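**Student:** Okay, here's the structure, questions in a sec.
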Amino acid sequence: MKNLHEILKKEKYRKIKFKITKTQHLLIKAKINGVTGNFILDTGASNTCVCFENVALFHLKPSHSKTQAAGAGATGMFTQIATKNSLKIGSWQNNDFDVVIFNLSHVNMALVQHKAKPVHGIIGADVLLTGRGIIDYYNRYLYLLR
């Protein structure tokens, strides 16, 4: 659709470019608490996540979580949560954002085995729902409202 950008711009959507990795994942840059990182945009992930090893990098303040994570072949993984963070993707921003923290080493190991760069975390459906996300796969843009 040629006019998608114009239509969404009128509706106050923000346009954010993403790349496709060698592993066919959608790679997007995002800032958490002012620090830029590389993230997989994952429509199947319920929450935005950061690996334990990146807690200090993103100035996260983890607290206990009863939730256990599952995905990509792993289940029952210990998690923590960091609340009230700033998340910025392109010009879209949320200043009261929760981030799930868990071990993403299995994800990064798989990426490295396929000669792709490791990531800092995953942008999940929570962002897509909050921002009323629209993904233009052909032109490689994510659109988020305001």
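**Student:** So is T75 at pLDDT below 95 and open to solvent by less than 70 Å² (accessible area, probe 1.4 Å) or not?
**Tutor:** Working: at pLDDT below 95: yes; open to solvent by less than 70 Å² (accessible area, probe 1.4 Å): no.
No: the conditions fail for T75.
**Student:** Here's a follow-up. Under 7 Å by Cβ, and 6 or more places apart or on different chains, what pairs join a residue from the stretch 88-111 that is farther than 20 Å from K31 by Cβ with one that is of a type outside the set (A, V, I, L, M, F, W, C) and crowded, with 17+ Cβ neighbours inside 10 Å?
**Tutor:** Pairs found: F102/T79.
**Student:** Of the residues A30, A45, only one is in contact with a helix residue (DSSP H, G or I) (Cβ under 9 Å, 6 or more places away or on another chain), open to solvent by less than 70 Å² (accessible area, probe 1.4 Å), of a type in the set (A, V, I, L, M) and not in a loop (DSSP other than H, G, I, E, B); which?
**Tutor:** Values: A45 fails: not in a loop (DSSP other than H, G, I, E, B).
The conditions single out A30.
The values are calculated or read from the model by the stated rules, or taken from the named source; none is laboratory data. Treat the numbers as computed from the prediction; the structure is a model and nothing was measured. Glycine gets a Cβ as well: all are built from the backbone with ideal geometry, and neighbour counts include every protein chain shown. With ligands, DNA and RNA removed, areas are computed over all heavy atoms of the protein, side chains included. Shrake-Rupley method; radii C 1.70, N 1.55, O 1.52, S 1.80 Å.
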